[in-house]
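Before any comments, here is the structure.
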Amino acid sequence: MKSTGALRITTPSDREIAMTRVFDAPRRLVFDACTKPELIKRWLGVFGRWSLAVCEIDLRVGGTYRYVWRGSDGAEMGMRGVYREIVPAERIVNTESFDDPWYEGEAVGTTVFVEQGGKTTLTNTVLYASKEVRDSVLKSPMESGVAASYDKLEEVLASLGG
């Protein structure tokens, strides 16, 4: 399948990273693919030697989520957070922290879904504790990981008829 749009990374402030990609699917489907465990397990960070072994979601304000990725060598990376705001098919705000923190502090992610002409622009903006933390994340392989995950997400959406 041809890619609808490349991942675009911007820095709206000295503590934020915004990741934007257009998907050829209605936002209802994109929202579902970002909130339903059976769909998330098919695309989030599952490339190379990694699989999403645990994906638990209590999708309500105050509810929590938990992800654990498992490598083919048995290594694990866990992440959790709390949902602060949910507007179905429009917006999700949640905290993000890793079991073995690779950056300082807790991050807050805001994901916005905007549909136009049957295509959905997904923008995930992450606010970090400091400029130094944001800059260290920018220097990590985050961009290639997000791009690979969003490529998988596009495949999942196509399989759903998106």
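The values are calculated or read from the model by the stated rules, or taken from the named source; none is laboratory data. Please read all numbers here as calculations on a predicted model, not as lab measurements. Using ideal geometry, Cβ is built from the backbone for each residue, glycine included, and neighbour counts are taken over all protein chains shown.
Return the total of residues in region 115-129 being over 17 Å from ASP14 (Cβ atoms) and surrounded by 15 or more Cβ atoms within 10 Å (Cβ to Cβ).
Here the count works out to 7.
Are there strands (runs of 3 or more DSSP E) fully within region 1-103 with at least 2 residues that are of a type in the set (A, V, I, L, M, F, W, C) and under 18 Å from ALA158 (Cα atoms)? List them.
Passing ranges, in order: 16-23.
Keeping to region 128-154, report how many residues are more than 15 Å from the chain's Cα centre (by Cα) and part of a helix (DSSP H, G or I).
8
Out of TRP50, TRP69, report the one residue that is more than 18 Å from ALA33 (Cα to Cα), of a type in the set (Phe, Trp, Tyr) and without any contact (Cβ under 8 Å) to a residue 60 or more places away in the chain.
The conditions single out TRP50.
Out of (1) touching a strand residue (DSSP E or B) at 6+ places or on another chain (Cβ under 6 Å); (2) surrounded by fewer than 17 Cβ atoms within 10 Å (Cβ to Cβ); (3) of a type outside the set (Asp, Glu); (4) closer than 20 Å to CYS55 by Cβ, what's the single condition that is false for ARG91?
Of the numbered conditions (1) touching a strand residue (DSSP E or B) at 6+ places or on another chain (Cβ under 6 Å); (2) surrounded by fewer than 17 Cβ atoms within 10 Å (Cβ to Cβ); (3) of a type outside the set (Asp, Glu); (4) closer than 20 Å to CYS55 by Cβ, the odd one out for ARG91 is (4).
Determine whether region 108-119 contains at least one residue that is on the phi < 0 side of the Ramachandran plot, at pLDDT below 95 and in contact with a Lys or Arg (Cβ under 6 Å, 6 or more places away or on another chain).
No, because not a single residue in region 108-119 is on the phi < 0 side of the Ramachandran plot, at pLDDT below 95 and in contact with a Lys or Arg (Cβ under 6 Å, 6 or more places away or on another chain).
Pick from ARG84, ARG60, ARG91: which is more than 22 Å from THR20 (Cα to Cα) and either touching a helix residue (DSSP H, G or I) at 6+ places or on another chain (Cβ under 6 Å) or of a type in the set (D, E, K, R) (or both)?
Just a single option satisfies the conditions, and that option is ARG60.
Only residues that are over 19 Å from SER144 (Cα atoms) and in contact with a helix residue (DSSP H, G or I) (Cβ under 8 Å, 6 or more places away or on another chain): list them for region 46-57, please.
CYS55, GLU56, ILE57
Just checking, which of GLU76, GLU96 is among the charged types (D, E, K, R), surrounded by fewer than 16 Cβ atoms within 10 Å (Cβ to Cβ) and either closer than 21 Å to VAL137 by Cβ or out of contact with any Asp or Glu (no Cβ under 7 Å at 6 or more places or on another chain) (or both)?
GLU76
For the condition farther than 23 Å from SER144 by Cβ and either without any contact (Cβ under 8 Å) to a residue 12 or more places away in the chain or surrounded by fewer than 15 Cβ atoms within 10 Å (Cβ to Cβ) (or both), what is the one hit in GLU85, GLU132?
Sole residue among the options that is farther than 23 Å from SER144 by Cβ and either without any contact (Cβ under 8 Å) to a residue 12 or more places away in the chain or surrounded by fewer than 15 Cβ atoms within 10 Å (Cβ to Cβ) (or both): GLU85.
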